[in-house]
1. Determine if region 40-48 includes at least one residue that is over 13 Å from the mean Cα position of the chain (by Cα) and assigned to a helix (DSSP H, G or I).
2. Would you confirm whether or not region 53-66 contains a residue that is within 19 Å of residue 2 (Cα to Cα), touching a residue at least 60 places away in the same chain (Cβ under 8 Å) and surrounded by 12 or more Cβ atoms within 10 Å (Cβ to Cβ)?
3. Checking residue 12 against (1) over 28 Å from residue 97 (Cα atoms); (2) under 17 Å from the mean Cα position of the chain (by Cα); (3) part of a helix (DSSP H, G or I), which test does it fail?
4. Provide a single number: the residues in region 38-50 that are touching a helix residue (DSSP H, G or I) at 6+ places or on another chain (Cβ under 7 Å) and either free of Cβ contacts under 8 Å to residues at least 40 places away in the same chain or at positive phi (or both).
5. If you go through region 19-33 one residue at a time, how many are surrounded by fewer than 11 Cβ atoms within 10 Å (Cβ to Cβ) and either in contact (Cβ under 8 Å) with a residue 24 or more places away in the chain or within 28 Å of residue 100 (Cα to Cα) (or both)?
């Protein structure tokens, strides 16, 4: 929610009124590995979109800086997902689950 607040504040600084809308109902993923795989897919798509947006934000240094920091945070999450899936492959799912406890 920290990033939502930062972007909402920036929108208000620019004279816009943030709107809150309901999202589509999601599917609950109960298996940790499946969750990480689903999250990794979303992270990759999101990071790619953020990279595509960056040039258009260059004229607004404040929004650019917020988005640059957000992108770095999202990349860190993406790398964590990749690392966990790699670890699962190397040490096995049950060993990984024990390690996470």
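Values quoted throughout were computed directly from the atomic coordinates according to the rules given, and no laboratory measurement underlies them. What you are looking at is a predicted structure, and each value in this text was computed from that prediction instead of being measured. Neighbour counts run over all protein chains shown; Cβ positions are idealised from the backbone, glycine included.
1. Within region 40-48, none of the residues are over 13 Å from the mean Cα position of the chain (by Cα) and assigned to a helix (DSSP H, G or I).
2. yes
3. Every condition holds for residue 12 apart from (2).
4. Number of matching residues: 5.
5. Going through region 19-33 one residue at a time, the tally reaches 5.
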